Amino acid sequence: RQVDFYIMAYLNSPDGWSQYGYFFEPADKFRARVLIRLSMSKTIDKICGVSPMLSCAMLGGKHMFLCAERWFCGAKGSGLDLENYRQYMVSHEMGHILGKEHSKCPGKGKRAPVMMQQTIGIGECIPNTNVKE
């Protein structure tokens with residue numbers, strides 16, 4: 001249940017998708033428009049076929065799989081502390097559900113877009129969790 005609390009807080013963060021008018025509320029699995037699961041990387045690899053230790057969500061879909069190992073340990077390459085990494089992780093995957101594609105670092109010293117794959121590194125960008133680019 002504590003994970004649910006954090007996910008709702010991240011989804012409704014003032015720095016999150018709420019800036020664009022989205023509001024998220026918990027619902028049981030029968031009424032939910034989006035199903036969010038904390039999953040082991042082996043499960044995510046089997047379901048999504050992505051590189052090990054990444055989370056996934058289908059573009060415009062309704063299923064989000066958050067990598068449990070990353071949830072508990074973060075990603076050093078992102079340059080974010082654990083709490084901010086979790087914010088990024090949830091916001092990034094929700095972005096896919098909202099139809100957003102991956103983006104790249106806009107340039108040296110600029111904020112990394114949330115839709116950039118910050119988990120695998122931010123290059124010359126500055127770590128960022130705010131969805132406004």
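The values are calculated or read from the model by the stated rules, or taken from the named source; none is laboratory data. All values derive from a computational prediction rather than experimental measurement. Glycine gets a Cβ as well: all are built from the backbone with ideal geometry, and neighbour counts include every protein chain shown. Only protein heavy atoms, including side chains, enter the accessible area calculation; ligands, DNA and RNA are left aside. Shrake-Rupley method; radii C 1.70, N 1.55, O 1.52, S 1.80 Å.
Cβ-Cβ under 7 Å, sequence separation 6+ or interchain: first residue in region 92-117 and in contact (Cβ under 8 Å) with a residue 60 or more places away in the chain, partner small (Gly, Ala, Ser) and crowded, with 19+ Cβ neighbours inside 10 Å. Which pairs?
Ile97/Ala57
Quick one: what pairs do we get from region 17-30, first residue open to solvent by 100 Å² or more (accessible area, probe 1.4 Å) and at pLDDT 85 or above, second assigned to a loop (DSSP other than H, G, I, E, B) and not β-branched (Val, Ile, Thr), C-beta under 8 Å, 6+ apart or different chains?
Phe23/Asn12
Of Ala75, Ala57, which residue is within 20 Å of Ile126 (Cα to Cα) and either in contact (Cβ under 8 Å) with a residue 24 or more places away in the chain or crowded, with 17+ Cβ neighbours inside 10 Å (or both)?
Ala75
Listed residues Gly107, Gly95; which is more than 14 Å from the chain's Cα centre (by Cα), modelled with pLDDT of 95 or more and open to solvent by less than 40 Å² (accessible area, probe 1.4 Å)?
That would be Gly107, the only listed residue that is more than 14 Å from the chain's Cα centre (by Cα), modelled with pLDDT of 95 or more and open to solvent by less than 40 Å² (accessible area, probe 1.4 Å).
Which residue is farthest from the chain's Cα centre (by Cα), if the candidates are limited to region 31-66 and must be farther than 19 Å from Glu101 by Cα and at pLDDT below 90?
That would be Arg31.
Report yes if some residue within region 88-110 is of a type in the set (Gly, Ala, Ser), touching a Gly at 6+ places or on another chain (Cβ under 9 Å) and within 17 Å of Asn130 (Cβ to Cβ); otherwise report no.
Yes; the residues of region 88-110 include at least one that is of a type in the set (Gly, Ala, Ser), touching a Gly at 6+ places or on another chain (Cβ under 9 Å) and within 17 Å of Asn130 (Cβ to Cβ).
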